[in-house]
Amino acid sequence: MAASMNPKGEDGYVVELRKIKKEYPVRQSLFRKKKQGQCLTAVNGVDLCLKEGDSLGIAGESGCGKSTMGRLLLKLTESTEGEYLFNGEDVTDLRSKEEMLKFRRQAQLVFQNPFEALNPRFTVQRSIMEPLTIHGIGSSTEERLGFVKEALRKVNLQPAESFLEKYPHQMSGGQLQRVVLARALVLKPIFLVADEPVSMLDVSVRAGVLNLMKEIAEEMRLTTVYISHDLSLLQYLCDHTAIMYLGQIVEYGKTEDILTKPLHPYSKALVAAIPTLDPSKRPEEVPLSNHVPSPVDLPEGCLLQDRCPYVGNACRGSEQVLTDVGDGHLVRCDLVCANNGNLKFEGGKAV
Amino acid sequence: MSLLDVRDMRVYYKTKKGIAQAVDGVSFSVEPGQSLGLVGESGCGKSTMVNGIIRVMAKNAFIPSGEVLFDGQDLTLLPEKEMRNVRWRDLSLIPQAAMDSLNPVYPVEDAFTEVLTLKGNMTKKEAHARTVELFTMVGLDPDRLGNFPHEYSGGMKQRAAIALALALEPRLVIADEPVTALDVIVQRQVLNELKRLRSELNLALIMITHDISVVAETCDNIVVMYAGKVVEKGSTQEVLENPLHPYTMGLENAFPDPRQQDKELISIEGSPPDLVNPPSGCRFAPRCPFAMERCLAEEPPYEEVDEEHQHGAACFRLSETLKLQKLAKEVETWQPA
Amino acid sequence: MIEMTSILEFFRQDKFALVGAIIYILFILVALFAPAIAPYDPQEMVRVDGRIAFNREPEKNFKLGTTNMGRDIFSQLIYGARPALTVGFTAALFVMVVGTVVGLVSGYFGGKVDSLLMRLTDVVFGIPFDPFVIVLVSFLGPSIWNIVLAMALLLWRDTARVIRSQVLSIKKRAFVEAARVSGASHSRIIFSYIMPNILPLSLLYGSLAIGWAILTEAAVSFLGFGDPSSISWGYMLHDAYVSQALSRGAFYWMLPPGICIMLLVMAGFYISRGAEEVLQPKLRSM
């Protein structure tokens, strides 16, 4: 089931973001506090809908707001504007502790750096048991231990008993990331966010962790969001992918479509830049210039206007809207949309 | 004669637990103007080795044996004073995290002035002219010479680091993970820049990276290292299309490739061996699905298979390559028994 | 990051710290068994053949001689370890606890709490230490507990600053974020995740504070603001000074308490110096 970006008031979504915005106040100097209206826009009005079992990849360069998106989705940071519905309930402002605990139990995170994500003074057993203790799951330590072992088995750390008493520094990166995953799964969440889950791991063990995450997500019918700068990873994990640029989603569609026929000039550049084992198959490069606008002072109209080789007058004036060009493929570029997605760019010119 | 000829190089570390054989008998050569990719996972010894070549090593590291012939001269025998002249002038290093190697309290130009006046014996005026030239060469705006490093973006800092390495027109540049910390688009630009500079200046390049796809796109030759040993080397295209060593095959399996949508990702079970007490046979044998008894007992010698592409590997089962390649593509092969 | 279990290992590796620890242990033993070691009551005016033994030079019965009031200097020296260690350890405990709590709360909660506490710390930093102790002691009366109070009121400032910065860096680490994702409460995060990681640092500042406290008590007593009921090394120096022991060449009265103060303070710094190297390995090569 595909995730739709513009729901017509449909129900049944696990995650629904409506025009979510995150701004950080910018301090001008030590003594003068915020100047009126000076804000760094990290996430700029994002809509997102995910059903049970959906997997979405969010890709983009550093500073595009993808990590802030992850933090917003897990309510590790509060949004400045917009609404967040989780399982049909409004979780934009969670005032009471009980509501927050209920949310925390259902939404979990897999961290980028497994070497940092576990308390160095906790054994594996204690790390995984922590969430159970916090949420009061299981009536006795024995029962909890049972859950811990089950979680370890699920992430293929077997025999589970041999890992219980280990400390993080006694384990390899791949094993640690499995423990992190086990800790996230032990609460039986319905929503999982993974922020660059394998970027700190060695290549030869990456595949194992990726395949495991994919299997578990399918088996538990988890709704998952994978955040990565590496588009080539997302194709293994996600049905859909959103490309972010300066806090906005500029393109959204099936991961395969985005990798094989990206439409937005920025996505094109991104895809073309991925290094590959067979350089003869590389698509033509899109020459983007390096004038990245400051997120404190965004231009009017299209955010890519100063870098895009195809920029026209229309791009500078009006704000670009995310538009469906058919088959659930959404693009935030008037030039592309005006041609129903058939616009081709060759040699730095729109054809 | 090769520009750089590394012969049976060893670099060991003294550690609390004993002596770690981080680089253990590595040989390879680089011709003038050629580019070589040194590939392997963390801890395989690739960084240790280049640090050994330029003799900028950790305090507890030493070179028990081996020759590093640069232009016929053995660098391991050179007194430190002369070695200092060789660095920068003949071979230079773009260090890992080069972006942080610029001193944050001085303008970027100061780093160039220092190298050019001290090592290159230029006057300040000449140094400035050369710096402007270098900046233009790597695609940076010379107007930004007076800026401080924090005013540069990641890509700009990386370009500056490359320009600095090229300051005295060395014949060989060693780049340690030059693009790892960069975003893909900037990464692509920097790689293109390196490629262009190489052909313009007839520069030899050794690129250290964990990312074989970066090597695939930029290097003529490749050396694959595992646990301090060379397991395979040859021309990049040959090695990637026709891998001889099971580790190379496994590494390729584990690499996601956006142009091969149907490719299945397979990981190599286990982890690299302890280098203080390495296995007696092939160091990859404990993780190798094709390991025989002999592999565990004896160390396989390096054998060249294809003279034209200087392609060879250190494996006892080189005669069965085709069979192994076919098996290696299947998931079941790599699953633990 | 150091584990509590590695503390033993640390003493084994760092010879200076080991020496410091041995000195500490010796003084603690002396203080505990003072009545057994000292031949006389330190306050007693010792009589020899029915006459008070004034200003004796060191001899068999009076290892370090006697004072101008006929008290045995060696016994005073032995008993002097008691107030020194009492002041040292209690003041250090207060400094450590107050400093750690302020630093933890300030660093962890941030925002207004942080601003408030840190501005308070700034104010405390502005108060000159020795004059403050003297003024407080003259108001509240000369007692070693008032000296301890004065130190508890002021000396936490360094500890609080350092602990705060450490908390700020630990707070950003992923495993703390992970605890939040798990739903852990603030107190759980502080006590299970942050506290164990800053404990070595607060112990380090505690051991530094011991030295400071002993020095301060000695200085205050020497200046004559000390507790007359307990004989401390600073009090001995004061006594010697006002009775003009120096002009009589009675170095055996002035030197021993001075050396004891120096040894104990030095021991504290040796331990903390070693601990600092463990906490910041960068210093090791210097």
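The values are calculated or read from the model by the stated rules, or taken from the named source; none is laboratory data. Only a predicted model underlies this, so the values are computations on that prediction, with no experimental measurement involved. Every residue, glycine among them, receives a Cβ derived from its backbone with ideal geometry; neighbour counts consider all protein chains shown. To get the accessible areas, we keep the full protein, side chains included, count just its heavy atoms, and leave off ligands, DNA and RNA. Shrake-Rupley method; radii C 1.70, N 1.55, O 1.52, S 1.80 Å.
Just a few scattered comments:
- The set of residues in region A:186-204 that are touching a residue at least 60 places away in the same chain (Cβ under 8 Å), buried (at least 22 other Cβ atoms within 10 Å of the Cβ) and in contact with a Gly (Cβ under 7 Å, 6 or more places away or on another chain) comprises A:Val193, A:Asp195, A:Leu201.
- Selection of region B:116-126 for residues being outside any loop (DSSP other than H, G, I, E, B) and either out of contact with any Phe, Trp or Tyr (no Cβ under 8 Å at 6 or more places or on another chain) or under 16 Å from B:Leu140 (Cβ atoms) (or both) yields B:Leu116, B:Thr117, B:Leu118, B:Lys124, B:Lys125, B:Glu126.
- Residue under evaluation A:Leu233, criteria (1) more than 18 Å from B:Gln189 (Cα to Cα); (2) at pLDDT 90 or above; (3) at the interface with chain B (Cβ under 10 Å from one of its Cβ atoms), criterion not met: (2)
- The residue that is surrounded by the most Cβ atoms within 10 Å (Cβ to Cβ), counting only those in region A:226-250 that are over 14 Å from the mean Cα position of the chain (by Cα) and touching a residue at least 60 places away in the same chain (Cβ under 8 Å), is A:Val250.
- Some residue of region A:7-16 being of a type in the set (Phe, Trp, Tyr) and at pLDDT below 80: no
- The single condition among (1) outside any loop (DSSP other than H, G, I, E, B); (2) under 27 Å from A:Leu56 (Cβ atoms) that A:Glu142 does not meet is (2).
- Evaluation of A:Pro283 against the conditions (1) away from every other protein chain (no Cβ under 14 Å); (2) touching a residue at least 12 places away in the same chain (Cβ under 8 Å); (3) farther than 30 Å from A:Ala184 by Cβ; (4) in a loop (DSSP other than H, G, I, E, B) shows that the sole unmet condition is (1).
- Subset tally (residues that are within 14 Å of chain A (Cβ to nearest Cβ), under 15 Å from C:Gly110 (Cα atoms) and open to solvent by 10 Å² or more (accessible area, probe 1.4 Å)) for region C:147-175: 3
- Residue identified as within 14 Å of chain B (Cβ to nearest Cβ), more than 17 Å from the chain's Cα centre (by Cα) and without any contact (Cβ under 8 Å) to a residue 40 or more places away in the chain among A:His264, A:His291: A:His291
- Qualifying residue in region C:176-185 (condition: under 30 Å from A:His135 (Cα atoms) and away from chain A (no Cβ under 12 Å)): no
- Of all residues in region A:288-320, exactly one satisfies the criterion of being of a type in the set (A, V, I, L, M, F, W, C), exposed (fewer than 15 other Cβ atoms within 10 Å of the Cβ) and within 22 Å of A:Cys39 (Cβ to Cβ), namely A:Val296.
- Selection from region C:42-91 of residues that are farther than 28 Å from C:Tyr24 by Cβ, among the charged types (D, E, K, R) and part of a loop (DSSP other than H, G, I, E, B): C:Glu44, C:Asp49, C:Arg56, C:Glu57, C:Glu59, C:Lys60
- Residue under evaluation C:Thr66, criteria (1) touching a strand residue (DSSP E or B) at 6+ places or on another chain (Cβ under 7 Å); (2) open to solvent by 10 Å² or more (accessible area, probe 1.4 Å), criterion not met: (2)
- Output for region A:125-150, where each listed residue is within 13 Å of another protein chain (Cβ to nearest Cβ) and not charged (D, E, K, R): A:Ser127, A:Ile128, A:Met129, A:Pro131, A:Leu132, A:Thr133, A:Ile134, A:His135, A:Gly136, A:Ile137
For every residue, the table says whether it meets (1) assigned to a helix (DSSP H, G or I); (2) surrounded by fewer than 21 Cβ atoms within 10 Å (Cβ to Cβ).
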{"site": "B:His128", "(1), (2)": "yes, yes"}
{"site": "B:Val132", "(1), (2)": "yes, yes"}
{"site": "B:Arg144", "(1), (2)": "yes, yes"}
{"site": "B:His150", "(1), (2)": "yes, yes"}
{"site": "B:Gln158", "(1), (2)": "yes, no"}
{"site": "B:Pro170", "(1), (2)": "no, yes"}
{"site": "B:Ile174", "(1), (2)": "no, no"}
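- When region A:107-132 is filtered for residues that are among the polar types (S, T, N, Q), open to solvent by less than 50 Å² (accessible area, probe 1.4 Å) and under 18 Å from the mean Cα position of the chain (by Cα), the ones remaining, listed by number, are A:Gln108, A:Asn113.
- Those helices (runs of 4 or more DSSP H) lying entirely in region B:180-298 with at least 1 residues farther than 30 Å from B:Phe70 by Cβ and either of a type in the set (Lys, Arg) or within 11 Å of another protein chain (Cβ to nearest Cβ) (or both): B:184-201, B:236-241, B:246-254, B:293-297
- Filtered residues of region A:195-219 (kept if at the interface with another protein chain (Cβ under 9 Å from one of its Cβ atoms) and within 11 Å of A:Arg178 (Cβ to Cβ)): A:Val205, A:Gly208, A:Val209
- Search result, residues across region B:17-47 that are surrounded by fewer than 21 Cβ atoms within 10 Å (Cβ to Cβ) and among the hydroxyl-bearing types (Ser, Thr, Tyr): B:Ser27, B:Ser29, B:Ser42, B:Ser47
Conditions (1) within 14 Å of chain B (Cβ to nearest Cβ); (2) at pLDDT 90 or above; (3) touching a strand residue (DSSP E or B) at 6+ places or on another chain (Cβ under 6 Å); (4) part of a helix (DSSP H, G or I), marked per residue:
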| position | (1), (2), (3), (4) |
| --- | --- |
| A:Met5 | no, no, yes, no |
| A:Lys21 | no, yes, yes, no |
| A:Leu30 | no, no, no, no |
| A:Lys35 | no, no, no, no |
| A:Ile58 | no, yes, yes, no |
| A:Leu101 | no, yes, no, yes |
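- So A:Thr80, is it farther than 26 Å from A:Gly12 by Cβ, away from chain C (no Cβ under 14 Å) and surrounded by fewer than 23 Cβ atoms within 10 Å (Cβ to Cβ): yes
- Number of positions in region C:181-236 that are hydroxyl-bearing (Ser, Thr, Tyr), open to solvent by 20 Å² or more (accessible area, probe 1.4 Å) and not in a helix (DSSP H, G or I): 3
- Of all residue pairs spaced 6 or more apart or on separate chains, those with beta-carbon atoms under 7 Å, a first member in region A:105-120 that is more than 7 Å from chain C (Cβ to nearest Cβ) and a second member that is of a type in the set (Ser, Thr, Tyr) and surrounded by fewer than 24 Cβ atoms within 10 Å (Cβ to Cβ) are A:Gln112/A:Ser199.
- Condition met for A:Val250 (in a loop (DSSP other than H, G, I, E, B) and either within 23 Å of A:Ala194 (Cα to Cα) or of a type in the set (Val, Ile, Thr) (or both)): no
- Residues of region B:240-257 satisfying the condition of being more than 18 Å from B:Phe284 (Cα to Cα) and touching a residue at least 12 places away in the same chain (Cβ under 8 Å): B:Leu240, B:Asn242, B:Phe255, B:Asp257
- Criterion violated by A:Lys75 - all others in (1) part of a loop (DSSP other than H, G, I, E, B); (2) open to solvent by less than 30 Å² (accessible area, probe 1.4 Å); (3) at pLDDT below 90 satisfied: (3)
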